[in-house]
Amino acid sequence: MKVVEQRERPVETGRLPMVKGEAGQPGEKVSGGFWAVMGWVGGGAFGWVVAALLSLIASIKFHSPGFWADTPLLTYGRVRVAALQGMWWGGAVPLLFGAMLGWMGRSAPGGVRFSGLALLGAIVWHLGACLGIVGVLLGHTTGYDGWGMPNAAVWVCVAGLLLFTVSVTATFHNRGERGLQLAHGFLWAGYLWLGWVSLAAFVLLGLQPVRGVLQWLVDAWYVANAQMVAGTLLGWGILYAWLPVWTGRPLYSRYLGMMTFLGLVMLAGWTGVTPSAPVPAWLPVLATVTTVLCIVPWTAAWLNWRGSVSRCGCVLWRDAVACFAVVGCVAFFWSAVGKLGLHVPGISTVLEFTWWEPARHWAHVCGFLGLTGVAGTYAWLRSFPEREGRAVAARTQFWCLTAGLVLCVAPLAVAGIVQGLSWQDPSVPNVEVLRRTLMWLRLSTVGELLMLVGWILFCVTLSSLALKRGRACWSDGWRRITTPLQEQETAK
Amino acid sequence: MSMQSSLDPQSVTDAKAGQVTVPMWLVVLLAVLGYWGMVYFDHHGGWFDARVYAPFASVSVVNELQPVSGAEAFVNRGRAVYETTCALCHGSDGQGKPGQAPPLAGSDFVLGPSGRLIRIPLHGLTGPIEVRGQVWNLAMPAMGAALSPEDLAAALTYIRQAWGNNAGPISAAEVEAVKAATAGRTLPWTAAELKSIQ
Amino acid sequence: MSRGSWIFILSLLGMIGSWFGTVLYPQIQLGRMVETRTVPDGQVYPVARPGLAAQGREVYRSQGCYTCHSQQVRQEGVSVGLAITKVGTNQTALVEAILRIAPQWRRDQVTAGLERLPFQVMDGVAAAEAERARRPLEAAGATTMVTVRPVGADLARGWGLRRSVAADFLWDHPVMLGSQRVGPDLAGVGSRLPDENWLLVHLWDPQIHTPGSMMPPYRYLFEVRPAAEVASQDALLLPEGKGPGPGKVVVPRPEARALVAYLRSLEAKAPLFETPVILPAGLSGTSALSVHAAVERP
């Protein structure tokens, strides 16, 4: 179906120095997948709102443990698990998938292929994520830290993922330029990797559970692969896809990119086993060694980023979209340092089992994956005319999310250090250890609140865009149906 | 921005990445960290042994910290096996029970050649048998057939050294040798048969 | 072969590598694990949790208790020492011998120590030194044993007797090790807090026993009923002034009882080959944990 509306080439508004590149496509070329991509990113935005809300509720419980404690649905243990699972399944993953589909659709002449399937996939996926969150709140969580979704929800998500696969594969196959870019490799590897580890974890934990401590090992393996490998690859894939657009020049180095890629796929999947897990010594020792070796791919990613943005820092920072990517990138390197802290001998004894790990997790999932997802979404949206006047909203969101992230991650990290040092001293009673961290935990509530506001604004922006476009489509269709046939003939 | 004007939109989006090579120091860093990793694993990893947990470095360290010497541990294990498998009939004190089983304390069949003793639990015993001057005529099932050679050897060592018995230990290897030598046998032994074994 | 195919093959290797290393090989190593025996007692370990405790594990999972409580205790090392378990006839010679090998003691301390056996003469020494010190003491008629005591910050807190190992979780499904300690570790809570009523009161209102705790109250696992309807042994024993009001009592629902049964079944303290513990009966690790594994050398 041809989109009839004619539009001007969009004019840059506000004080955003935008590079012309991203606006150069004619509308027909990219609009083919609007609803499909919107299904994924919009749903992801809504998922983030739900997860951030749950996370905020969990955080408030550190102000008063009796807060909503008489409702089984909202007890800390359930809200917290629901927030973590919602962040991953409802927020980060669909947002990244949407950004991936959007970018691939943009570089394919016909836009997104089988966009109906992709939209259906988004609906099914989010249905699964909702089922999962509700299931966790009702007490049907699995009991594992990483793989927390009830089986029924996973089946639904798998169906959504399969539909997405059809569409994204066809879109990729249809790409205009045959050569492969670095971003293609990162995005595809991340996508397939996520599918593979989720499937393996589903079989080994949900369907045919392994025995004893193996369950924890499978879970740790899944978390390391899903977050440290697949998540990182998807996040960097989105960044590498759009960086040339934002900076106006090619990526710095393909070789550094390959080094990041190979380093991550060879090493990061081994890093899941925590140092004092009740498993034979060789497993945590291997995890420590591989985590330390991950310094190399992380450094390569850092060099590549620095080379790519050098002398463009201001441009990126003042661009309402690219600044999300800058903060996401900073969050990534912060989370890398956090990961090292959990494994490096000596430091890990203090930081293990403390709030340090949630701080790292927040930096990685909310910061890196979440913000790169937002950046990818907005970069994709720039080729649509509805975006005028959105720059201010994007700026507000950016500051809300960034401030929220900092106010979450930094206090939690400090709480982790305080807590870890206190646990080391057996003369400090348990309640006293908790009391020392409380101030920081309560400070992080402010961060949670700001992030929630940021995600709500993001969600509202996307919904208003969708509404605007929906209305346009509808009136257009209506006009075509109602216009007398003769006039249509004449118009032709 | 000066760079904006010079850009051709199409070439920007589809630009390939640059060709800057990986700096040598990063490769050296990889090598150094890899070397450190190998040394660290060698010192702390326990070489994939399932019985080595942190903070122990190797199985020999764990071995040195075990409560008692190997022989004593073996006897303790034997006691545990005896208590669960044999004590119901032969009694925890090894004195046997009238109408159920003859005593083991001071029995020639227990204290005699190891091959004789090992055969009894492996296949059972039937018919009349004289123990400490008293004749018993009962049937013993093959109680030890399902035990592992180590458990059986431990239990037999225990009864050879408990209650005042004082005979040499029996090793798992001996049990396995007897098992192999009597592989096809299904019938229980008789006292006469056993006496012919030295 | 092109560079692309090399990268593809390497990625596949990476994909399979971590799965092989952290899932498949551990499955071969630990996946078919069966019960082991304690050292040196030779008791079968672990025993599956009884039915009520197994139900309680489901409550623990569904309430998300594992988000705040870990079940894995760390150990930083072992401390080797020497303890006297029996005193011979010549106590004077023994005191002299002890003072020679362990000059840090005063004579009255030693005499008092020998009154309350077992007496830990030395601790935190090399194994060879402990062995050397045995000879003069045994020559003086005492029965001694070399002790091996696991040490570490977690253990000093009384969270366990030794580190957690794979065998502790053999029969659990799901295995909820937890990754964060907002509250204390629960790997050995059954030994630390064996009192059923204490645990139930703690679930009803954590502030009663530990003021300042951030643990949420789990009142929905209990019900408040008129005292007349309830048999007295079913009601919760609350401290004065903390009860639900005159004429009313708090009765734990089956879920609460099951959860407490599960918590009481958590005692990962059996001495195993991989975590050696040698302590004489009556001489505990670091807290009130009782140790049934005591082997005396003749």
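The values are calculated or read from the model by the stated rules, or taken from the named source; none is laboratory data. The structure presented is a predicted model; accordingly, all values stated were derived computationally and were not measured. In this analysis, Cβ positions are derived from the backbone assuming ideal geometry, glycine residues included, and neighbour counts consider all displayed protein chains. Each accessible area value is taken on the protein alone, full model and side chains, heavy atoms only, with ligands, DNA and RNA left out. Shrake-Rupley method; radii C 1.70, N 1.55, O 1.52, S 1.80 Å.
Would you work out the charge dipole size for the protein assembly as shown about its Cα centre, treating the Cβ of every Lys and Arg as +1 and the Cβ of every Asp and Glu as -1, and quote it to the nearest 20 debye?
Around 2020 debye, computed over the protein assembly as shown.
Towards the positive end of the charge dipole of region A:27-179, with charges on Cβ (+1 Lys, Arg; -1 Asp, Glu), say which of A:T75, A:G98, A:N174 has the farthest Cα.
Farthest towards the positive end: A:N174.
Around C:L186, which amide H atoms from residues at least 5 apart in sequence, or from another chain, sit under 5 Å from its own amide H, with H modelled in the peptide plane?
Excluding prolines and chain starts, which carry no amide H, the hits are C:S70, C:Q71, C:Q72.
Treating only the Cβ of Lys, Arg, Asp and Glu as charged (+1, +1, -1, -1), what charge dipole size does region B:71-195 show about its Cα centre? Round to the nearest 20 debye.
Magnitude of the dipole: close to 200 debye.
Normalise the Cα radius of gyration of the protein assembly as shown by 2.2 N^0.38 Å (N = residues in it) and let me know the number.
Cα Rg divided by the expected 2.2 N^0.38 Å: 1.14.
Compute a Gaussian network model of chain C, connecting alpha carbons closer than 10 Å, and tell me which residue from C:Y25, C:Y66, C:Y45 fluctuates the most.
C:Y25
Per residue, how much accessible area does chain C show when a 1.4 Å probe rolls over the protein heavy atoms, in square angstrom?
Here the residues of chain C average 42 Å² of exposed surface.
Given points 7 Å out from each Cα along the Cα-Cβ axis, report the A:L485 to C:L12 separation in nanometres with one decimal.
For A:L485 paired with C:L12, the spin-label model returns 5.8 nm.
Between chains A and B, what is the buried accessible area summed over both chains (1.4 Å probe, protein heavy atoms, nearest 100 Å²)?
Accessible area lost upon association: around 3600 Å².
Out of C:P40, A:S115, B:V175, whose Cα points farthest toward the positive end of the dipole of the protein assembly as shown (charges: +1 Lys, Arg; -1 Asp, Glu; placed on Cβ)?
A:S115
So if I place +1 on the C-beta of Lys and Arg and -1 on the C-beta of Asp and Glu, and nothing else carries charge, what would the dipole magnitude of region A:310-464 be about its Cα centre? I want it in debye, nearest 20.
380 debye
With a ≥ b ≥ c the root eigenvalues of the C-alpha gyration tensor of chain C, is it rounded (a/c under 1.5), prolate (a/b larger than b/c) or oblate?
Verdict is oblate for chain C.
How many percent of the accessible area of chain C is carbon or sulfur, using a 1.4 Å probe?
57 percent
What is the calculated FRET efficiency for A:S427 to C:H173, with r their C-beta to C-beta distance and R₀ = 51 Å, to the nearest 0.05?
0.85
How do the peptides B:111-120, C:4-13 rank, highest first, by the average count of neighbouring beta carbon atoms within 10 Å per residue?
Result, highest mean first: B:111-120, C:4-13.
Compute from the Cα atoms of chain A the Rg and the Dmax, the latter being the longest Cα-Cα distance, and quote both in angstrom.
According to the Cα coordinates of chain A, Rg and Dmax are 22.8, 90 Å.
Measure off, as a whole percent, the carbon and sulfur share of the 1.4 Å-probe accessible area of region A:240-316, all protein chains present.
The value for region A:240-316 is 70 percent carbon and sulfur by accessible area.
Among the trypsin sites (Lys or Arg not before Pro) in region C:1-41, which ones are in a DSSP loop with at most 13 other Cβ atoms within 10 Å of the Cβ? Mind listing them?
Answer by residue number: C:R32.
Comparing the chain by itself with all protein chains present, which residues of region C:14-29 are at least 50 Å² less accessible (probe 1.4 Å)?
Listed by number, the residues meeting the 50 Å² cut-off are C:M15, C:S18, C:W19, C:T22, C:V23, C:Q29.
Please pull out the direction-averaged projected area of chain B, using the convex hull of its alpha-carbon atoms, in nm² to one decimal place.
23.0 nm²
If packing is taken as the mean number of other Cβ atoms within 10 Å per residue, what is the order of B:91-98, B:183-190, A:443-450, C:174-181, highest first?
So the peptides B:91-98, B:183-190, A:443-450, C:174-181, ranked by packing, come out C:174-181, A:443-450, B:91-98, B:183-190.
What is the average number of partner chain Cβ atoms found within 10 Å of a Cβ in A:426-433?
Averaged over the peptide's residues, the number is 5.
Heavy-atom accessible area per residue, chain A, 1.4 Å probe: how many Å²?
33 Å²
Hey, can you grab everything whose amide H is under 5 Å from the amide H of C:F222? Only 5+ residues off in sequence or another chain; H modelled, so Pro and N-termini drop out.
Residues meeting the amide H criterion: C:R253.
Can you work out the Karplus-derived ³J(HN,Hα) for every residue in region C:270-278? Use 6.51 cos²θ - 1.76 cosθ + 1.60 with θ = phi - 60°, whole Hz, and x for glycine or proline.
Karplus-based 3J(HN,Hα) across region C:270-278 equals 4, x, 10, 4, 6, 10, x, 9, 10 Hz.
Run down the aspartates and glutamates and flag those whose C-alpha is under 20 Å from the C-alpha of B:K195, throwing out any fewer than 8 positions away in its chain.
Within the straight-line cut-off, B:K195 pairs with B:D108, B:E130, B:E174.
As an exercise, use a Förster radius of 56 Å and the Cβ-Cβ distance of C:E96 and C:V47 to find the FRET efficiency, rounded to the nearest 0.05.
Calculated value: 0.75.
Please give the average number of partner chain Cβ atoms lying within 10 Å of the Cβ of each residue in A:179-185, rounded to a whole number.
The shielding value for this peptide is 2.
Restricting the count to DSSP beta bridges whose residues both fall in the protein assembly as shown, what percent are antiparallel, rounded to a multiple of 5?
Expressed as a percentage, antiparallel bridges in the protein assembly as shown total about 95.
Once amide H atoms are placed 1.01 Å from N in the peptide plane, what residues at a sequence separation of 5 or more from C:T144, or on another chain, have their amide H within under 5 Å of its amide H?
C:T85
Cα centroids of region A:297-330 and region C:1-61: how far apart, whole angstrom?
Using only Cα atoms, the two centres lie 40 Å from each other.
May I ask which of B:K179/C:K269; B:K97/C:K86; B:K97/C:K269; A:K61/C:K242; C:K242/C:K269 have a Cα-Cα span longer than 31 Å here?
Where the Cα-Cα span goes over 31 Å, the pairs concerned are B:K179/C:K269; B:K97/C:K86; B:K97/C:K269; C:K242/C:K269.
Among B:44-54, A:463-473, what's the highest-first ranking by average C-beta atoms within 10 angstrom per residue?
Output ranking for B:44-54, A:463-473: B:44-54, A:463-473.
Give me the angle, in degrees from 0 to 90, between the Cα long axis of helix A:151-173 and the longest principal axis of the Cα atoms of chain A, rounded to the nearest 10.
40 degrees
Before anything else, pin down the relative contact order of region A:310-464: Cα pairs under 8 Å, at least 6 apart, normalised by residue count, whole percent.
Result for region A:310-464 is 27 percent.
Rounded to the nearest 500 deg cm²/dmol, what is the calculated helix-only ellipticity per residue at 222 nm for the protein assembly as shown, with -39500 (n - 2.57) per DSSP H run of length n ≥ 4?
-17000 deg cm²/dmol
Tell me, what HN-Hα J-couplings in whole Hz come from the Karplus equation 6.51 cos²θ - 1.76 cosθ + 1.60 at θ = phi - 60° for each residue of region C:35-48, using x for Gly and Pro?
4, 10, 10, 5, 10, x, 5, x, 6, 6, 8, x, 9, 4
What total accessible surface area, summed over both chains, is buried at the interface between chains C and A, computed with a 1.4 Å probe and given in Å² to the nearest 100?
6000 Å²
For peptide A:292-302, compute the average count of partner chain beta-carbon atoms within 10 Å of each residue's beta-carbon.
Partner-chain Cβ atoms within 10 Å, mean over residues of A:292-302: 3.
Tabulate in residue order the Karplus-calculated ³J(HN,Hα) for region B:183-198, using 6.51 cos²θ - 1.76 cosθ + 1.60 with θ = phi - 60°, rounded to whole Hz; enter x for Gly and Pro.
4, x, 6, 10, 7, x, 7, 10, 4, 5, 4, 5, 5, 6, 8, 10
What is the distance, in nm, between label points placed 7 Å from the Cα along the Cα-to-Cβ direction at C:S232 and at C:S79?
4.6 nm
Once fully extended, how much extra length lies between B:A57 and B:A172, figured as 0.36 nm per residue of separation less the alpha-carbon to alpha-carbon distance?
38.5 nm
At a Förster radius of 22 Å, what calculated FRET efficiency corresponds to the Cβ-Cβ distance of B:A146 and B:S92, to the nearest 0.05?
The value I calculate is 0.55.
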